[in-house]
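Working notes, beginning with the structure itself.
The values are calculated or read from the model by the stated rules, or taken from the named source; none is laboratory data. Keep in mind that this is a model prediction, so the values were computed, not measured. In this analysis, Cβ positions are derived from the backbone assuming ideal geometry, glycine residues included, and neighbour counts consider all displayed protein chains. Please note that ligands, DNA and RNA were not included when accessible areas were found on the heavy atoms of the full protein model with its side chains. Shrake-Rupley method; radii C 1.70, N 1.55, O 1.52, S 1.80 Å.
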Amino acid sequence: MKRVRMLIKGIVPILAAFILVGMPIICAAEADAPAVIKNIEVTDDSVVIRSDAPLKFKINSLDPFRAEVELDAVRLGDFKDRLTVQKGLVSEITPVQVESPSLSSRLSIVFSSPVQIVPVASGNDLVLNISGAPEKPAVKASKAAVPAVQADGAANLVTNIKISRTDEGAELILKGNGLMPDPAVFELDGKMIIDIPGVGINIQSPAELITPVKSIRYSTETDKARFTVTLDQVLDKDIIALDDEIIVDLYTLPKTKKSARLEGKLPEKAEASQVKPGAVVSLDFQDADIVAVLRLLGDVSGYNIVVHPDVKGKITMKLMNVPWEQVLDILVKTFNLEKAVEGNILRIATAKAFQEEKKSIAATRDATAVAEDIITKIFIVNFANVEKTRDIIEKGKILSPRGNISIDTRTRSIIVKDTPTKLAEIDSLLRSLDKPTTQVMIEARLVEVNTNMAKELGVQWGGWFAPNWGSNSYSASGSASTTISGMQPKSTFPSTDARSGLPGTFPAVSTAIANASPAGAITLGFLNASQTVNLALRISAIESTGKAKTLSNPRVMTVDNEQAVIKHGAQIPVTTRNADGTYSTTYKDANIKLTVTPQSVPDGSVFLKVEVTKDEPDFTRTDVLGNPTINSRQASTQVLVKNGETLVIGGIVKSKESENETAVPLLSKIPILGALFKNDVKSKEAEELLIFITPRIQ
């Protein structure tokens, strides 16, 4: 037993040395079938992995803070989620199940401080003994030693390492706590070695590696930090130190002329210009010449660039992923410059140079204008208003000081006397203004619908009594809806009742019953043998409905922006009585009137200002002199309508309901039987006006 312990004590330092340098430890335990993890226990100084079979494992120490345990032919079982431990030196354990190319499980263990790991396999258990890493001896002070204080802003530590994917491969960034020195880079045994002088390391490895990077190992030596990067493939690489970063661009695709990052260097040879709007650049310069930066932007943008000799100065800038147009605007504002684009040529000059150039051009133009001959030209205006066109030319100050203009409305001509240059400007203006005006056809539909309904239900009574008191007998007649008609001699009664067709019957029945419409009514009567008593009964059950529809369809065509009016109807005479007692007659319009002002819109719509009026006389309602009232309907609005579409711009609904009851006092109040002594009349009237507008551009 003592020999076994001594053997373990001798092996532990050797294993620890292998772990610290990042070499994998492989220990094979016999296993005939895939194992399953049953439990994971964490103590202050160990991690115990229990399974149902012996384990075949491999431990990779990626850095002093992180290790990976690879278990071949093992399944994770119930351990599939990240375990946050925070016990002893262990912070968390992340399990990953790997199915291809072969079955395996991977446990990624993160430690709170640098550790040493000693694995021990015992039966079906794997025990990872954890202890703190021994402190390294202090480095003796020398010129190459890492400075304790950054006296000049230079970095003394690498504090972070990042890997990101790019369109052409990957980008590795080593970030320091100050200005990073230029690294020494070389290849050894297929690995890329990056030596950074005068710095130490205080970082955590990246959580994820991106192709083509397979692994990253690092160590601190006497006078430098060394990073060993294992790559699976790479075609080319660029390495540059920018401020507090060392950037390594790895290309797995052929390197293009324009990359996402510009290294602050001018291209060796300018290629054929091809404008590239919106190209994004990243720039990092310190005391760079402004002309060189402008040339660089010209190469990126695709413009041919011309820089004025007066453009001078130095610029310090750091911009990441900024459109080149924005970078150029910043430089122009910073140095009080101006830019001008002529075709695919970009001109950069000082503001003073551009001002002097403009003054020179203006002076040349004035001198040329003075030297030019004055000629006269007549312009014929076909469609536009001649006077308005002349006003536009005068207010636009197109004429030179020596020019003048006049018009001839009879021939629609504009006579201009000026230099050939000004005449050419006027000719170009007239070509734009003298165009046919758009015409618009406006169609309006006025639909008026009238409906009425009447119902009548009830009983009417009538009769007379004529006692035979001699040759002069008298009678009385009446009904529930009429008054007593009076007494009259019987000899005046007709011998027959034409309405009933019965001889000698109903000669004085109530006028209301006799004259009522027979439709929906039943009349019953009683007459005694001596014809002294006559009694009549009429049961009315009448329902009537009516509908009327009136359609008016005024149309009018007008030019754009001009008002048009169309109306149709009659004039109604109106008689009025004067103060002296005489009468006079005037006429009032009763017609349909459509007033519209259209304005066409470039997108094919029409803006309309519309006013529709419909007046008609109503002879059912007159004044004392017999003058009818005028029923007026009007709609006024402003709308935007698509060409050819129909829009309802107004609707007027008018309804009227009435209910009348005629009854015999007292008798009509008797329950149930009271219906025999009353008459109900109900009526409803409705009027609706709809106005439709349809514009059509001709």
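Brief remarks on what is shown
- Separation of the alpha carbons by more than 26 angstrom is noted, of Lys388/Lys567; Lys455/Lys654; Lys397/Lys417; Lys455/Lys614; Lys609/Lys656; Lys80/Lys214, for Lys388/Lys567; Lys455/Lys614; Lys609/Lys656.
- Each residue of the stretch 534-541 was assigned a 3J(HN,Hα) from its phi angle through the Karplus curve 6.51 cos²θ - 1.76 cosθ + 1.60 (θ = phi - 60°); the sequence is 10, 10, 10, 9, 10, 9, 10, 9 Hz, with glycine and proline shown as x.
- Among Lys339, Lys395, the sequence by solvent-accessible area, most first, with a 1.4 Å probe is Lys395, Lys339.
- When all protein chains stay in place and ligands, DNA and RNA are ignored, the 1.4 Å accessible-area order of Phe335, Phe227, Phe619, Phe186, largest first, is Phe619, Phe186, Phe335, Phe227.
- Using the Karplus relation 6.51 cos²θ - 1.76 cosθ + 1.60 with θ = phi - 60°, the per-residue 3J(HN,Hα) values for the stretch 235-240 come to 8, 7, 8, 10, 10, 8 Hz, with x marking Gly and Pro.
- Gain on full stretching of the segment that runs from Ile630 to Phe383 - 0.36 nm per residue minus C-alpha separation: 84.6 nm
- Between Thr252 and Gly169, Ala170, Leu235, the built amide H atoms are under 5 Å apart, and every one of these is 5 or more places off in sequence or on another chain.
- Under the criterion of Cα pairs below 8 Å and six or more residues apart, the relative contact order for the stretch 366-464 equals 31 percent.
- Computed with a 1.4 Å probe over protein heavy atoms only, the accessible area of Arg347 comes to about 60 Å².
- With 27 Å as the limit on Cα-Cα distance, the pairs of Lys38/Lys58; Lys435/Lys593; Lys312/Lys358; Lys358/Lys395 that go past it are Lys435/Lys593.
- Once all protein chains are placed together, Ile239 keeps about 60 Å² accessible to a 1.4 angstrom probe.
- Separation in nanometres of the label points that stand 7 Å from Cα toward Cβ, at Lys642 and Thr368: 4.9
- Accessible area per residue, Å², the stretch 586-698 with all protein chains present, probe 1.4 Å: 63
- Sequence of Tyr303, Tyr587 from largest to smallest accessible area, 1.4 Å probe: Tyr587, Tyr303
- Inter-probe distance in nm under a simple model that places probes 7 Å from Cα toward Cβ, at Leu666 and Thr421: 11.5
- Accessible surface, the stretch 42-100, averaged per residue in Å² (probe 1.4 Å): 48
- Computed with every protein chain present, the accessible area of Asp81 is close to 110 Å² [probe 1.4 Å].
- Partner aspartates and glutamates whose Cα lies under 18 Å from the Cα of Lys352, excluding those fewer than 8 positions away in the same chain, are identified as Asp310, Asp329, Glu338.
- Whichever aspartates and glutamates have a C-alpha closer than 20 Å to that of Lys684, once near sequence neighbours (fewer than 8 apart) are set aside: Glu448, Glu456, Glu543, Asp618, Glu657, Glu659, Glu661
- Thr438 long-range amide H proximity, modeled H, under 5 Å: Asp560
- When a 1.4 Å probe is rolled over the protein heavy atoms, the share of accessible surface on the stretch 552-698 that falls to carbon and sulfur comes to 51 percent.
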